[in-house]
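Asks: Okay, here's the structure, questions in a sec.
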Amino acid sequence: MRDAIQVLVTMPFTDAQLDRLRAVSPRLAVSRADVGTADYARTNVLYAVAPPRDLARAPDLRWVQLHMAGVNTFYDHPLFATSDLPITTTSGVHAATIAEYAITVLLALAHRVPRMVEWKARGGWPPDLERWPLFVPSEVRGATLGIIGYGSIGRELARIAKTAFAMTVLACKRDPSRRIDDGYTLPGTGDPEGRLPDAWFAPAELTELLRKSDVVVNAAPLTRETERMIDARALGAMKPSAYFINVGRGASVDEAALAQALRDKRIAGAAVDVFTQEPPGAGHPLYGIDNVIASPHVSGFLPSYDDRCTDLFAENLERYLAGAPLLNLVDRARGY
């Protein structure tokens, strides 16, 4: 079709996934190409993880859908830095699995699972007098959960925490007055209308949230404002009995300060899925601490990820054709 909207996908989508996109409208001409050999000359809409840095290669480009949730690695990309082309992300696609990860590691820390694994490796059984102090759990039900970054992940985490564990939820977001989530949400998940938190906090009030929380989960995007926001001072505001979980970005945390707080038992434990440098260098301070669960940036792994991304892209294509607002549109001023 001469007047068709040219949609190029540079991800290894299956024929079924490409057909899902084609089914949106006969006005779309959907094709797939490898990044190294792709011809962007006639592309109007691009789905990619690595858009070309030379935007002159895509003179007719009108919109880019990224195959990722965060854009902090794109700050110096010409697409972000020097153009005003709309950019959308896949934020929300893996919100449920990341929220499940946060609950998993919280329960593991609270019920001393790392210590159980350690004793199993010893092939032994602690003396009866030691079993209570070694394995008495922290109580999760009714505890206070502080969520930093009340986006798709934080909202699904709040839903699980409230419904399954009757937790008190404290939410910190850039603008607490904007409580509705207009991003992509899987049906039946999250808190689209922002009704679940028991209290809301602005970034300037983060210390108060930290002080009140039994569990703190960082799910915030990495921006200039959130870089190293969890530092020694922030950690010092937390309860000695509290846990810290990071599923946001590694650079939001002063990792040396976190390691020191854990060694000094100023907080009870931590679970870290993201690091400033990935993979972390040999001898990273968090690796040698027994009250830490460290995972290799896997909380968002999802077998159906590409299928769900296809569904999201299809919905955005429908919106694009209808002239409706796109889901997960990046705000360059905010950085996400």
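The values are calculated or read from the model by the stated rules, or taken from the named source; none is laboratory data. It should be emphasised that the depicted structure is a prediction, and the values quoted were computed from it without experimental measurement. Ideal geometry is used to build each Cβ from the backbone, glycine not excepted, and the neighbour counts take in all protein chains shown. The accessibility values were calculated without ligands, DNA or RNA, using every heavy atom of the protein model including side chains. Shrake-Rupley method; radii C 1.70, N 1.55, O 1.52, S 1.80 Å.
Asks: Would you mind checking which residues have amide H under 5 Å from Gln65's amide H? H placed 1.01 Å from N; only 5 or more apart, or other chain.
Replies: Result for Gln65 returns Leu46, Tyr47, Ala48, Thr88.
Asks: Right, here's the next one. Going by the alpha-carbon gyration tensor, a ≥ b ≥ c the square roots of its eigenvalues, is the range 82-161 rounded (a/c under 1.5) or, if a/c is not under 1.5, prolate (a/b greater than b/c) versus oblate?
Replies: prolate
Asks: So for the pair Glu227, Leu85, with labels modelled 7 Å out along Cα→Cβ, what separation do we get in nm?
Replies: For the pair Glu227/Leu85, the computed spacing is 2.6 nm.
Asks: Quickly rank 38-51, 77-90 as a protection proxy: mean count of other C-beta atoms within 10 Å, highest first.
Replies: 38-51, 77-90
Asks: Compute the FRET efficiency between Thr163 and Ala4 as 1/(1 + (r/R0)^6), taking r as their Cβ-Cβ distance and R0 = 56 Å, and round to the nearest 0.05.
Replies: Values: r = 46 Å, r/R0 = 0.82.
My answer for the efficiency is 0.75.
Asks: Could you tell me the center-to-center distance, by alpha carbons, between the range 317-332 and the range 3-47 in angstrom?
Replies: What the calculation gives is 17 Å, centre to centre.
Asks: Can you pull the percent of the range 217-272's accessible area that's carbon plus sulfur, 1.4 Å probe, other chains left in place?
Replies: It is 49 percent, rounded to a whole number.
Asks: Another question, if that's okay. Taking H as built 1.01 Å from N, whose amide H comes closer than 5 Å to the amide H of Gly146, not counting residues under 5 places away?
Replies: When sequence neighbours closer than 5 places are left aside, the close amide H contacts are Leu170, Asp214, Val215, Val216, Val217.
Asks: Continuing with the same structure: Tell me, what % of the accessible area of the range 47-174 is carbon and sulfur with a 1.4 angstrom probe?
Replies: Values: 3320 of 5850 Å².
Solvent-exposed carbon and sulfur of the range 47-174 make up 57 percent of the total.
Asks: Let's test the formula: R0 of 25 Å, r as the Cβ-Cβ distance of Leu18 and Val49. What FRET efficiency results, to the nearest 0.05? Before the final figure, lay out each step's value.
Replies: Details: r = 16 Å, r/R0 = 0.65.
Efficiency for this residue pair is about 0.95.
Asks: Okay, moving on. Hey, what do the phi angles of the range 217-224 turn into as Karplus ³J(HN,Hα) couplings, whole Hz, using 6.51/-1.76/1.60 and θ = phi - 60°, x for Gly and Pro?
Replies: 10, 8, 10, 7, x, 8, 9, 4
Asks: In Å², and per residue, what accessible area does the chain have when probed at 1.4 Å with the other protein chains present?
Replies: 48 Å²
Asks: Taking the simple approach of a point 7 Å from Cα along Cα-to-Cβ for both Glu100 and Ala237, what is their distance in nm?
Replies: For the pair Glu100/Ala237, the computed spacing is 3.3 nm.
Asks: Mind listing the phi-derived Karplus ³J(HN,Hα) values for the range 299-308, rounded to whole Hz, using 6.51, -1.76 and 1.60 with θ = phi - 60°, and x for any glycine or proline?
Replies: 4, x, 5, 8, x, 9, 4, 5, 4, 5
Asks: Show which lysines lie in cross-link reach of Lys120 when reach means a straight Cα distance below 22 angstrom and same-chain residues fewer than eight apart are skipped.
Replies: Counting by Cα, and skipping residues close in sequence, Lys120 has no lysines nearby.
Asks: At 0.36 nm per residue, minus the direct Cα-Cα distance, what do Ser177 and Thr207 gain on full extension? Give it in nm, one decimal, please.
Replies: Between Ser177 and Thr207, full extension yields an extra 8.9 nm.
Asks: Can you tell me how much longer the chain between Arg62 and Ala294 gets when fully stretched, taken as 0.36 nm per residue apart minus their C-alpha distance, in nm with one decimal?
Replies: Residue separation times 0.36 nm, minus the Cα-Cα distance, leaves 79.5 nm.
Asks: Given contacts defined as C-alpha pairs under 8 Å and at least six residues apart, what's the relative contact order of the chain, whole-number percent?
Replies: Once normalised by length, the contact order is 16 percent.
Asks: A further question follows. Quick one: if you stick a label point 7 Å off each Cα along the C-beta vector at Asp34 and Phe301, how many nm between them?
Replies: 2.6 nm
Asks: Would you mind checking the tilt of helix 113-122 against the longest principal axis of the Cα atoms of the chain, expressed as 0 to 90 degrees and rounded to 10?
Replies: Helix 113-122 sits roughly 70 degrees off the main axis of the chain.
Asks: Normalising by the residue count of the range 41-85, find the relative contact order in percent from Cα pairs under 8 Å and 6+ residues apart. Please report the intermediate quantities before stating the final value.
Replies: Details: 49 pairs, mean separation 18.3, N = 45.
Value for the range 41-85: 41 percent.
Asks: Along the positive direction of the dipole of the chain (beta-carbon charges: Lys, Arg +1; Asp, Glu -1; about the Cα centre), which of Ala69, Met167, Thr310 reaches farthest?
Replies: The residue sitting farthest along the positive end of the dipole is Met167.
Asks: Read phi for every residue in the range 154-164 and hand back ³J(HN,Hα) as whole Hz from Karplus 6.51 cos²θ - 1.76 cosθ + 1.60, θ = phi - 60°, with x for Gly and Pro.
Replies: Coupling constants for the range 154-164: x, 6, 5, 4, 4, 4, 5, 4, 6, 7, 8 Hz.
Asks: Give the lysines reachable from Lys212 as a straight Cα distance under 26 Å; neighbours fewer than 8 places away on the same chain don't count.
Replies: Lys162, Lys173, Lys239, Lys265
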